[in-house]
Structure formats: structure tokens, C-alpha cells
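Here's the structure, in C-alpha cells; my notes come after.
The values are calculated or read from the model by the stated rules, or taken from the named source; none is laboratory data. Because the structure is a prediction, the values reported are computed rather than measured. Every residue, glycine among them, receives a Cβ derived from its backbone with ideal geometry; neighbour counts consider all protein chains shown.
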There are 2 protein chains.
Amino acid sequence: MAKTLTPEERATALADLPDWHAVDGRDAIARSFTFQNFNEAFGFMARVALVAEKMDHHPEWTNVYGKVDVVLMSHDAGGVTDRDIRLAAAMDRIAADFPM
Amino acid sequence: MAKTLTPEERATALADLPDWHAVDGRDAIARSFTFQNFNEAFGFMARVALVAEKMDHHPEWTNVYGKVDVVLMSHDAGGVTDRDIRLAAAMDRIAADFPM
């Protein structure tokens, strides 16, 4: 089982993920992505879904038309682990392929 | 623009959609779908996404692993319209293809 990051480790990791922030009241990180329409938002989600399934690590996410709100945490570890940081970075890379 | 359903029309429509319920405080309808895992949940979402895009009518939905929580309303009309009823019925039909 992955270990949750220490506050120092998490701060270092988030420094490389400036669009992500800590979630109030939960050991989790979050980001909102805004795309031009549903086609792009769901295209992003489909690409992320393949990565997430391969990692066996899945986001909590809400989609409304062109918007995708994501929360990441490792349920088995009870907080943010290296897997969340890697999935967050993958989501940023995939989102960068879309005009936002 | 589609017209919102009257309370009577909505009650009649929901009688044929027993797994859907009205949302407190909003003119919207909702249902939670529970699948066996992320593969099935996202497979369901992908099939619904194609239908929604074709209808040009999109859900508000949240996915956590095998769970998909859906809210439907017609933002342009400000409430539940016939399009929401048709999308809800389509989601029920698609979900029925999965072992739940």
C-alpha cells in the first residue's frame, strides 16, 4: 500500500503542479478543468480514464458540459500519495493537448 | 426552446422512470447508478456521452470508481423538459446492458 505524503513532500510535489490545490477538510488535491464544450471535456475524460485504469488509480470527478472538477486521493492509504501526484501530472499533460 | 414540464406531466413521466427522483430545491431529476468497477462505470458514461452529444443535451454527473451520480435538467429552459425524460430513459436502457 502506498504511503501518504508528508506535508513537506506534498508541498514539494504541488510546487510542480501549480493548478492543483489542497482540499479543505480532506487529505486530497483538486483541480478544475474548463474546456470549450462537452466534446472536449469528455474527450479529456476518456483519455484520463485509460490512464487511470492502467494505473489502477481513479479520480473522483464531476462533469457539467465543458467543465471537469477533479479530486484525487488514495482511498486505501487515506490521503494523498505519489500515485495522486502522478495521476495529476498525467491529467495536466492530457489537458494541455486541448485548446483551453 | 423546450418547455418545462408541468407537475402533472413530470409525475406521469417519472412513473415510467421509477429509479429517478426529483431533486430537493431544484427543478431537476436525479439517479445514482452503481456498477461493479470503473471499467463498467466509464463504459456506461462513454455510451451515454455519445447519446447526449447527439441529443445536444448533457448530464451533470459525478463518477467515483463504480458509481455514477446523475442530475438532469434543461439549463436553457430552467427546469425539467421532455429532453431530460428522454435522456433519463436512454441512460436506463444503457445501464440495463451492464450487470449491476
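Miscellaneous remarks
- Those residues of the stretch B:56-100 which are closer than 21 Å to residue B:2 by Cα and without any contact (Cβ under 8 Å) to a residue 12 or more places away in the chain, in sequence order: B:56, B:58, B:75
- For residue B:13: the one exception among (1) within 12 Å of chain A (Cβ to nearest Cβ); (2) crowded, with 16+ Cβ neighbours inside 10 Å: (1)
- All told, residue B:4 meets the bar of being more than 11 Å from the chain's Cα centre (by Cα), surrounded by 12 or more Cβ atoms within 10 Å (Cβ to Cβ), part of a loop (DSSP other than H, G, I, E, B) and of a type in the set (Val, Ile, Thr).
- So residue B:86, is it assigned to a helix (DSSP H, G or I), of a type outside the set (A, V, I, L, M, F, W, C), within 19 Å of residue B:23 (Cβ to Cβ) and out of contact with any helix residue (DSSP H, G or I) (no Cβ under 6 Å at 6 or more places or on another chain): yes
- Test: residue in the stretch B:41-56 that is in a loop (DSSP other than H, G, I, E, B), at pLDDT below 95 and within 10 Å of chain A (Cβ to nearest Cβ): no
- Any hit, the stretch A:17-24, residues being surrounded by fewer than 18 Cβ atoms within 10 Å (Cβ to Cβ), in a strand (DSSP E or B) and either free of Cβ contacts under 8 Å to residues at least 12 places away in the same chain or not acidic (Asp, Glu) (or both): yes
- Consider the stretch A:31-55 and keep the residues that are touching a Lys or Arg at 6+ places or on another chain (Cβ under 9 Å), surrounded by fewer than 18 Cβ atoms within 10 Å (Cβ to Cβ) and without any contact (Cβ under 8 Å) to a residue 40 or more places away in the chain. The one that is nearest to residue B:41 (Cα to Cα) is A:55.
- Some residue of the stretch B:32-40 being within 14 Å of another protein chain (Cβ to nearest Cβ) and hydrophobic (A, V, I, L, M, F, W, C): yes
- Residue A:90 vs. criteria of a type in the set (Gly, Ala, Ser) and more than 22 Å from residue B:37 (Cβ to Cβ): no
- Looking across the stretch A:57-77, just one residue is part of a loop (DSSP other than H, G, I, E, B), more than 9 Å from chain B (Cβ to nearest Cβ) and surrounded by fewer than 16 Cβ atoms within 10 Å (Cβ to Cβ), and that is A:76.
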